[in-house]
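The values are calculated or read from the model by the stated rules, or taken from the named source; none is laboratory data. Not measured: the values here are computed from a predicted model. Methodologically, a virtual Cβ is constructed for each residue, glycine included, from the backbone with ideal geometry; neighbour enumeration extends over all protein chains shown.
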Amino acid sequence: MSTLLGHYNYWIVIVLMMTGFYTVIARPNLVKKIIGLFIFQTSVFILFISMAKVEGGTAPIIEEGYSLYSNPLPHVLILTAIVVGLATTALGLALVVRIQEAYGTTNEDDIHIQDETD
Amino acid sequence: MLLSNLPALQVVVPLVSAPICLLLRRPGHAWACALTVSWAVLAMAVLLLRQVALEGTISYPLGAWATPWGIEYRIDMLAALVSLVIAIIGAVVMPYARRSVMQELDDEHIGAFYTCYLLCLTGLLGIVVTGDAFNLFVFLEISSLSSYVLISLGRDRRALTAAFQYLVMGTIGATFILIGVGLMYMMTGTLNMADLAQRLPAVDDTRTVRVAFAFVTVGVSIKLALFPLHIWLPNAYTYAPSVVSIFLAATATKVGVYVLLRLFFTVFGIQFSFDDMHVGDIVVWLAVAAVLTGSLVAIFQDNLKRMLAYSSVAQIGYIVLGIALATGAGVSAGIIYLFNHALIKGALFMALGGIMLRLGSVELRDLHGLLRQMPWTVAAIIAGGLSLIGVPLTAGFISKWYLVVAALEGSYWPLAFIVLASSLLTVIYVWRIVEATCFSAPGDERPGLREAPLSMLLPTWLLIALNLYIGVDAGVLTGLADTAAAALVEEALP
C-alpha cells in the first residue's frame with residue numbers, strides 16, 4: 001500500500017499520459033488530437049519535475065543553515081521541453097487552421113473521405 | 001582558433017543564418033544565403049572528417065564547461081561520416097533548389113522556406129555531433145518541427161494532412177525518447193552519453209533501465225520509419241515540395257539510424273542491447289518485413305514519388321538489417337548502405353523534381369515516352385534505379401554486397417536470400433519506370449516540353465557520378481565505415 005501511495009506522482013503521470021495518448025489515437029477531431037498530444041507531453045514534464053524532489057530538500061540557493069537541496073537540473077531540462085511542447089502545439093494548431101481552410105473540416109474521417117473522392 | 005571550434009561552428013553557422021534568411025525578404029537573397037551556408041557546412045564537414053581520420057575522436061566541451069557537467073560535442077568516425085552525408089546532400093540540393101522552389105512555392109513563403117531548411121540542417125547536424133542525451137532530444141525537435149513546416153509547404157492540400165500526421169507521430173516518438181532519457185537520468189544522474197555508458201552497466205538489471213531502453217528504441221524507430229512505424233513517411237515524401245522530398249529522404253531517416261546506432265552501441269552497450277534485451281532478434285524481423293512489404297507496395301504505386309517513398313521504407317529495412325546483426329561487418333555494411341542510399345535516393349528524387357518542374361506531375365501515366373523530351377533526366381532515373389537494384393559498378397552493388405557478406409559471415413543464409421530476393425522486387429518497380437518513359441508511346445502531345453534546366457540537371461548528375469565512382473572505387477568509404485563500425489562494436493565490448 002505504501003509503495004502504491006508513496007509513488008503517487010507516477011500514478012498521476014501514467015493517468016495523464018494515457019489520457020493524452022488515448023485522445024490522440026481515438027478522437028477524429030484534429031484540435032482534440034493536439035490537446036491530447038499536449039497532455040501527453042505534460043505528463044512527461046511532471047515525471048521529470050517530480051523526480052527532482054529530494055525529501056526535506058529546499059530550493060537550490062546557497063545559504064547558512066541549509067545543506068540539502070532539490071535537484072535543479074530536471075527543472076531546467078523541462079523548461080526547454082516546455083518550449084518545445086509549446087512550439088509543437090502552436091505549429092499543430094496552425095496546421096489545423098490551414099486544414100480547415102483547405103478542406104472545410106477538422107474531422108479526420110471527413111478529410112479521408114474527401115481525399116479518397118479526389 | 002577557427003579550426004578548433006569547428007564542432008560548434010558546424011551547428012552554430014546554420015542556426016544563426018536561419019533568421020537572416022527570414023530578414024532578407026527577397027527570395028534570391030535568401031537563396032544565396034542558404035547556398036553559402038550549405039557550402040560552408042560542407043567545407044566544415046570535410047575538415048572535421050579529415051581531423052577525425054588523422055587524430056581520432058574529437059571531444060569539444062561547449063562553452064568550456066568540463067564534461068560530464070557541461071554539454072559535450074563528441075565527433076567520432078561515425079558522426080563525421082553521417083555529418084558528411086548531410087553536408088553533401090545540403091550542398092548539392094541548394095543550387096538545385098532555386099528553380100524548383102521558385103516554381104513550387106509562392107514568393108512570400110520562399111524566405112521562410114530557406115529559414116526552415118537551415119533550421120532543419122542545424123537540427124540534423126546537431127543530433128550527429130552532440131554527446132549529450134538531452135541535447136539530442138532538443139536537436140531532434142528542432143529538425144522535426146522545421147521539417148513539419150517544410151512538408152506542409154507542398155502545393156497539394158494533402159501536404160497539410162501529411163504534415164499533421166507526421167507532427168503527431170513525430171511528437172509521440174520524440175516524447176518517448178524524452179521519457180527514456182528521463183528514466184536513464186533517474187538511474188544514473190548523468191546525461192552525457194559517454195558517462196551514461198560507464199554508469200549504466202551497474203544498474204543494468206533494473207526494470208527502469210529496461211523500460212528506458214524500450215521507450216527510446218520505439219521513439220527512434222518512429223523517427224527512422226522502421227516498419228510498422230513508417231506510415232507517416234509515404235504521404236510526407238509524396239506531397240512535400242520536391243526539394244524537401246530530396247533533402248528529407250536523403251538525410252532525416254539516416255540521422256534516425258545514426259541515433260539508433262548511438263543508443264544501441266555507445267550508450268547501452270552491445271551486451272545489454274543485444275544479449276540481455278535481445279533487440280537484434282526483434283529488429284531483424286521488423287527489418288525483413290520492411291524490406292519485403294516496402295518493395296512489394298512500391299511495385300503497385302503509380303505516383304513515382306510515392307513509389308520511391310515506399311522504396312525508402314524498404315531501404316531503411318536493409319540498413320537496420322545490417323545493424324541488427326551486431327557484428328563489425330554488419331554494422332559496417334549498415335553504415336555503407338546509409339551513405340550510398342542517401343546518394344541514390346537524393347539523385348532519384350532530384351530527377352523527379354526536374355520532371356515536376358517541366359511536367360507538373362510525376363504520375364506514371366503522364367510520363368509515357370518522356371525519354372524523347374527529357375533524355376538526361378530519364379537517364380538519371382535509370383542510372384539511379386540500377387543503383388537502387390544493386391547492379392555492379394554502382395554504389396548500390398557495393399552496399400548490398402557488404403550486407404550479403406555480413407549476413408553470410410554470421411551464417412544467416414535466409415537473410416542473404418531475402419536481400420537478393422527483394423532486389424528482384426526492386427527490378428520490377430524500376431522496370432515499370434523504364435517501360436513507361438522509354439518504351440511507351442506518348443499519350444498526348446506535349447508541345448514545348450524541354451529538358452530540365454542545367455541548374456537542376458548538374459546536381460542530379462553530380463550525385464549519379466558520385467554513385468558510379470563509389471561503385472568503381474569504394475575503398476575510401478568502406479575503410480572509413482569499417483573504422484567507424486569497429487569503434488562502435490569494440491567500444492561496447494570493454
Among the residues of the range A:70-77, is there at least one that is out of contact with any Asp or Glu (no Cβ under 7 Å at 6 or more places or on another chain), among the β-branched types (Val, Ile, Thr), free of Cβ contacts under 8 Å to residues at least 60 places away in the same chain and part of a helix (DSSP H, G or I)?
yes
Restricting attention to the range A:91-103, and to residues there that are hydrophobic (A, V, I, L, M, F, W, C) and facing chain B (nearest Cβ under 9 Å), which single residue is surrounded by the most Cβ atoms within 10 Å (Cβ to Cβ)?
A:Leu95
Can you confirm whether the range B:94-106 contains a residue that is more than 27 Å from B:Leu458 (Cβ to Cβ), modelled with pLDDT of 90 or more and crowded, with 23+ Cβ neighbours inside 10 Å?
no
Please work out which residue is farthest from the chain's Cα centre (by Cα), limiting yourself to the range B:149-167 and to residues that are farther than 18 Å from B:Ala97 by Cα and without any contact (Cβ under 8 Å) to a residue 24 or more places away in the chain.
B:Arg157
Would it be correct to say that A:Thr88 is more than 22 Å from B:Leu183 (Cα to Cα) and facing another protein chain (nearest Cβ under 8 Å)?
yes
Within the range B:180-217, residues being among the aliphatic types (A, V, I, L, M) and either within 26 Å of B:Ile75 (Cβ to Cβ) or at pLDDT 95 or above (or both) number 10
Give the range B:183-226 a look and list any residue that's at positive phi and buried (at least 20 other Cβ atoms within 10 Å of the Cβ), or say none.
B:Ala225
Of the residues that make up the range A:51-71, is at least one at the interface with chain B (Cβ under 8 Å from one of its Cβ atoms) and either at pLDDT 85 or above or more than 15 Å from the chain's Cα centre (by Cα) (or both)?
yes
Return the total of residues in the range B:256-293 being in contact with a Lys or Arg (Cβ under 8 Å, 6 or more places away or on another chain) and closer than 24 Å to B:Val93 by Cβ.
2
For the range B:150-164, which residues satisfy the criterion of being more than 7 Å from chain A (Cβ to nearest Cβ) and buried (at least 22 other Cβ atoms within 10 Å of the Cβ)?
B:Leu150, B:Ile151, B:Leu153, B:Gly154, B:Ala159, B:Ala162
Taking first residues from the range A:21-48 that are more than 9 Å from chain B (Cβ to nearest Cβ) and within 28 Å of A:Gly104 (Cβ to Cβ) and second residues anywhere that are surrounded by 21 or more Cβ atoms within 10 Å (Cβ to Cβ) and of a type in the set (Lys, Arg), the pairs with Cβ under 9 Å that are 6 or more apart or on different chains are A:Thr23/A:Lys33; A:Ile25/A:Lys33; A:Arg27/A:Lys33
What is the residue count in the range B:167-207 for residues that are out of contact with any Leu (no Cβ under 8 Å at 6 or more places or on another chain), assigned to a helix (DSSP H, G or I) and of a type in the set (Ser, Thr, Tyr)?
1
Note on the range B:264-279: residues in contact (Cβ under 8 Å) with a residue 24 or more places away in the chain and surrounded by fewer than 18 Cβ atoms within 10 Å (Cβ to Cβ) are B:Gln271, B:Asp276
Restricting attention to the range A:78-110, which residues are in a helix (DSSP H, G or I) and small (Gly, Ala, Ser)?
A:Ala81, A:Gly85, A:Ala87, A:Ala90, A:Gly92, A:Ala94, A:Ala102
